[in-house]
Structures are given as C-alpha cells and as structure tokens.
Amino acid sequence: MTLTIGVDVGGTKVAAGVVDDHGRILEKVRRPTPSTSPHETARVIAEVVDILRGRFGEVEAVGLGAAGFVDESRSTVLFAPNLAWRDEPIKKKVEGEVGLPVVVENDANATAWGEAKFGAGRGEDHMVLITLGTGIGGGLILGGELYRGRFGIGAEFGHYRVVPDGRRCGCGNRGCWEQYASGNALVAEARELARVSPALAGRLLELGDGRPEGISGPEITEAAREGDSAALECFRTVARWVGQGLADLAAILDPGAFVIGGGLSEAGDLLLDPARAAFQNALTGRGHRVFADIRIAELGPDAGIVGAADLARSR
C-alpha cells in the first residue's frame, strides 16, 4: 500500500489528509489559511504535511488542490481569487519545505479526479463534474484522463456566458452561468423575492429573522423541504438554469454522466428533479440520443483531498 498526502487549499482553510491507494483517508488535519500572505500559506501547507508524515512515516508525494488557475506544468498558481497568489511558484516552495515531490492542481480538477476514481463517477470514462457553491467549479474527464486544456486552465464552466450583457460576474464579464445557477444565485433569487413579494415569501423571511438579507441557502432548503411554495419556486428557477447549462455542455462534450457537487447539491432531488427535466427539454437531438445520467457526488468535501493525493501518486 502506498500513501500520499492530499491538501485542499481554500480561502479560509487548509485541509490535508493521508490517503491510501484505495482512496481512503486515514487521517486529516485542518488549519486556517493565512490568505493574505503567500509565504505564510506555504508555511501552513508544509506544517500540515509534516504533521501527517510524523504520524504515518513513509509518504511518497504531496498533491495540492488550489482554488485558482494552475499552469500547464502543474507547478505555479497563476491566479487565485481568494488567496494572495499571483504567479506563485508553490510547487517549488513546498518541495523545498517538505522534501517530497509535489503536484499542484486546480481544486475542482482534483475533485473531479477523486469522484471519477473513487466516487460517483466510477466506471465513467467521460464525465463532467459541476460544483455548485458560491460560484460554479468544473472538472472534465475524457477517455479516462483528466482534461486540463493547453494552458492548464480548462473546464471553467461557470464562466461561459449564458446571458449576453447579463448579471455582472466576479471574473469581470457579464452573464456567466454561475450568476444564474449557483448557490449564490439561489440566495439572490430568494432575497429578491422576499423584497418584492414579502407576503409570498413569508416563511423565508421568518427563517431569515424578518430580513431578506438574513435568508441564506440552508433556510431556503429548509423551507423547500417543508413544501413552501416560494422556496420551491426559487429552486425551480435555479434548477432550470442548471439543466439548460448541462444540456449545452452535453451538446459539446457528450459525457456519460454529470456529477453534481458543492453545497447546493446537498438539496438533493429538490435541485436534481427540475434540473433533469430542464436538461431533457433543452438537449439538442432529444428523442434520438441517450440522456447522460445526472447524479450527486459521493465524496463530499473530502473529494479534493482524495483527488489531489491520487494525482500525486500518478504524477
């Protein structure tokens, strides 16, 4: 049995785990991310790696999943929106600290690989991962291999534009898919409804302490599970955007399965049922082709750790 360490580096936390070759996490460590300091972030990564090595001894390599653009050599983070990483040579820095081979990968790519090898994508050589959270992340498996693009920054599905000159996106463009089909989009929909039609959104406002700004994802999901019509309408609106976007991706990529992860996926069939219906209605050539399966991710927040560790193993 070989052991590698996967590290998931986000804007608020650095989570690391020792992973065996069956995708099992043997132990995890978590630390806050000093996101304003590249030097301190590298130090914290080295710290969690050293802690885990001290407990398990022989570790072959380290995989880092970073929320940002990673270059084609899998060594430099070109840009990370929630970290102070700009052209950051993080592979070289961490290797110098821990004395182990290091592979750097985009966090959604690492998640996609984890789900493809050990989670909901097992057995699918052509799989698209979509993570629905604050925005939309993505990963793509083609022919059993992780597709990264010529420059290492492919599969940024959240930033293909679905509405010309639509809502402003944090990437600098307008009308990106994630502005209509993410967890943030669900919250924006519910808050707008509560402002415009407070009588209709009475249960949502009650759960949000009487203020539209107090409504967040868990409150919307709770109300929807109770059968609240306003919350259910918010889910249907966002799910239509999800399904239509998946149909467009299917027209281009023709995957065997879409695996849906991220915080919004925890709503389960509240999201997936209307998303599947919208997907089938929007898919080009429907009636003359197989519908790709749309399923919930299985590995949860550990997928990035598992995927990064396995990518380090197969470096």
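Among the residues of segment 164-177, is any in contact with a strand residue (DSSP E or B) (Cβ under 9 Å, 6 or more places away or on another chain), in contact (Cβ under 8 Å) with a residue 24 or more places away in the chain and aromatic (Phe, Trp, Tyr)?
For segment 164-177, residues in contact with a strand residue (DSSP E or B) (Cβ under 9 Å, 6 or more places away or on another chain), in contact (Cβ under 8 Å) with a residue 24 or more places away in the chain and aromatic (Phe, Trp, Tyr): present.
Would you mention how many residues in segment 287-315 are under 14 Å from Gly262 (Cβ atoms) and in a loop (DSSP other than H, G, I, E, B)?
Adding up the residues that qualify gives 3.
If the Cβ limit is 8 Å and pairs must be 6+ apart or interchain, which residue in segment 190-203 that is among the basic types (Lys, Arg) pairs with which residue that is open to solvent by 40 Å² or more (accessible area, probe 1.4 Å) and not in a loop (DSSP other than H, G, I, E, B)?
Within 8 Å, the pairs are Arg191/Glu213.
Could you grab me the full set of residues in segment 216-232 that are open to solvent by less than 70 Å² (accessible area, probe 1.4 Å) and among the charged types (D, E, K, R)?
Within segment 216-232, Glu219, Asp228 meet the criteria.
All but one of (1) in a loop (DSSP other than H, G, I, E, B); (2) closer than 23 Å to Arg161 by Cβ hold for Val238; which doesn't?
(1)
Being under 18 Å from Gly307 (Cα atoms), of a type in the set (A, V, I, L, M) and buried (at least 21 other Cβ atoms within 10 Å of the Cβ) narrows it down to one residue among Leu64, Leu83; which is it?
It is Leu64.
Answer with yes or no whether Gly166 is more than 19 Å from the chain's Cα centre (by Cα), part of a loop (DSSP other than H, G, I, E, B) and surrounded by 15 or more Cβ atoms within 10 Å (Cβ to Cβ). Steps first, answer last, please.
Numbers: more than 19 Å from the chain's Cα centre (by Cα): yes; part of a loop (DSSP other than H, G, I, E, B): yes; surrounded by 15 or more Cβ atoms within 10 Å (Cβ to Cβ): yes.
Answer is yes for this residue.
For segment 250-263, indicate whether the set of residues that are surrounded by fewer than 21 Cβ atoms within 10 Å (Cβ to Cβ), at positive phi and in contact (Cβ under 8 Å) with a residue 60 or more places away in the chain is non-empty.
The answer is yes, given that some residue of segment 250-263 is surrounded by fewer than 21 Cβ atoms within 10 Å (Cβ to Cβ), at positive phi and in contact (Cβ under 8 Å) with a residue 60 or more places away in the chain.
Hey, any hits in segment 204-220 for a residue that's under 30 Å from Thr284 (Cβ atoms) and in contact with a Gly (Cβ under 8 Å, 6 or more places away or on another chain)?
no
Among residues belonging to segment 137-146 that are outside any loop (DSSP other than H, G, I, E, B) and more than 17 Å from Ala303 (Cβ to Cβ), point out the one that is least open to solvent (accessible area, probe 1.4 Å).
Per the stated criteria, the residue is Leu142.
Residue check, Gly149 against (1) in a loop (DSSP other than H, G, I, E, B); (2) closer than 30 Å to Gly217 by Cβ; (3) out of contact with any Ser or Thr (no Cβ under 7 Å at 6 or more places or on another chain); (4) open to solvent by 10 Å² or more (accessible area, probe 1.4 Å), all met but one. Which one?
So Gly149 meets the others, but not (2).
The values are calculated or read from the model by the stated rules, or taken from the named source; none is laboratory data. Everything numeric here is computed off the predicted structure, so don't read it as measured data. Don't worry about glycine lacking a Cβ; one is built from the backbone with ideal geometry, like all the others, and counts go over all protein chains shown. Surface areas here come from the heavy atoms of the whole protein model, side chains and all, with no ligands, DNA or RNA. Shrake-Rupley method; radii C 1.70, N 1.55, O 1.52, S 1.80 Å.
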